[in-house]
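Chemist: Sharing a structure with you now.
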Amino acid sequence: MLRSRAAGFFLLLLSSLSMSVVSMLVKLVSRLGVPPGQTTFARFAVGLVLMAGYVAAARHPVKSGNMKDLVLRGLYTSGAVIFLFYGVAYGAMTNSFILLHTRPVWIVLLAYPLIGEAPRRRDFAGVALALAGVALIIRPVPALFQPADLFGLAAGVCSALALLTVRKLRRTEGAFTINFYLMLVGAAASAPLLGGGAVVPEASALWLLLGIGVLATASQLILNFSYRAVDAPTGSIVASTAVVFAAGIGFFYLNEPMDFYTICGIALVLAANTIVSFSKK
């Protein structure tokens, strides 16, 4: 049991690090002139090829009686990825990634109207801390505000909607089925973005796009498997280490600024996620 739990923690950390590296690659490929819409399509297209290859080789059944929720989950996750990639490309990777991880708080705010799950008292403390953290990160005053940070917030909302949907799907669908339809819907949803100035990437950009697709797909599957050994609240906290990985990569590798206010904002968002996640135990 302990070995299985330790493996779950390791897989969660590996998934978190992988997603941080994906965001770094998105930033690098944007600097090579590839628009974020094209990067998003590549991420899902590569994932679709990988998942379709597995389904064909393993003869894994993908029929489902719950197509509505599979499509909804795909659309919500597509929205999260689109907003995240646009935020990373046009703003600070660190900010966008931190704001994406406000999703546990959005789940609290959306769970009652969508699935009838009432928040607990301590959830409101988590929401207050998260809002304070967001304010420190985006600094909503004309002289400091970066509009690209709004993409990160939108990604957090879409990610929360996707997680609320996948709660129902996990009761009837396996990880490979869920991810196959995620890639299929994501590729279809992001294809129209190619009409907004797609370019012919240079060789180095092509390798980066391939890496984004492979690493993002692997990270998603690793995340799904990790939750077999770790309970959801604990897993949510461990997964939040992605924020720390992203902040380190942004500061040390991408030369993004990291000041006192951003550090305090990160701390408040992580504290909020901890409060909200463990209130569900």
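Since every read-out is calculated from the coordinates, none of them should be taken as a lab result. In this text the structure is predicted, and so the values were computed from the model without any measurement. When we count neighbours, we look across all protein chains shown, and the Cβ atoms used for this are built from the backbone with ideal geometry, even at glycine.
Chemist: Computed FRET efficiency, Cβ-Cβ of ALA52 and CYS264, R0 30 Å: what is it to the nearest 0.05? Can you show the working numbers first?
Modeler: Working: r = 45 Å, r/R0 = 1.49.
That gives a FRET efficiency of 0.10.
Chemist: Of the labelled options (i) 28; (ii) 39; (iii) 15, which one gives percent of Cα pairs over 34 Å apart as computed for this structure?
Modeler: For percent of Cα pairs over 34 Å apart, the calculated option is (iii).
Chemist: Now, a different point. Taking the chain as a Gaussian network, where each spring joins two C-alpha atoms under 10 Å apart, which residue of ALA130, ALA80, ALA56 fluctuates the most?
Modeler: ALA56
Chemist: Stretched out fully, how many nm does the piece from GLU117 to PHE251 gain, at 0.36 nm a residue minus the Cα gap? Show your work: numbers first, answer last.
Modeler: Working: separation 134, 0.36 × 134 = 48.24 nm, distance 3.84 nm.
Once the chain is fully extended between GLU117 and PHE251, it gains 44.4 nm.
Chemist: Among GLU173, GLU256, what is the fewest-to-most ranking by other Cβ atoms within 10 Å?
Modeler: GLU256, GLU173
Chemist: Tell me whether segment 240-281 comes out rounded, prolate or oblate; compute the Cα gyration tensor, take square roots of the eigenvalues as a ≥ b ≥ c, and use a/c under 1.5 as the rounded threshold. Each step should come with its number before you reach the end.
Modeler: Details: a/c = 6.20, a/b = 2.12, b/c = 2.92.
Oblate is the answer for segment 240-281, as a/c is 1.5 or above yet b/c matches or exceeds a/b.
Chemist: Can you tell me which of TYR86, TYR54, TYR76 moves the most in a GNM of the chain? Springs connect C-alpha atoms under 10 Å apart.
Modeler: The residue with the greatest mean-square fluctuation here is TYR54.
Chemist: Okay, moving on. Scanning the chain for helices, which whole DSSP H stretches are 24 Å or more long along the axis (Cα) and average 1.0 or more by Kyte-Doolittle?
Modeler: Span-like helices in the chain: 2-31, 36-58, 67-90, 121-138, 149-169, 203-226, 260-278.
Chemist: Return the distance in nm (one decimal) between the two label points of a simple spin-label model at ARG59 and ALA135, each offset 7 Å from Cα along Cα→Cβ.
Modeler: 6.1
Chemist: Where a ≥ b ≥ c are the square roots of the eigenvalues of the C-alpha gyration tensor, would you call segment 1-149 rounded, which needs a/c under 1.5, or, failing that, prolate if a/b is larger than b/c, or oblate? All intermediate terms of the calculation are to be shown ahead of the outcome.
Modeler: On the way: a/c = 1.63, a/b = 1.17, b/c = 1.39.
It is oblate, given that a/c is not under 1.5 and a/b is not larger than b/c.
Chemist: Pick from PHE44, PHE97, PHE145: which residue has the top mean-square fluctuation in a GNM of the chain where Cα pairs under 10 Å get a spring?
Modeler: Looking only at PHE44, PHE97, PHE145, the largest GNM fluctuation is found for PHE145.
Chemist: Among PHE41, PHE251, PHE260, which comes first, then next, by fewest other beta-carbon atoms within 10 Å? Before the final figure, lay out the partial values.
Modeler: Details: PHE41 24, PHE251 14, PHE260 8.
Ascending number of Cβ neighbours within 10 Å: PHE260, PHE251, PHE41.
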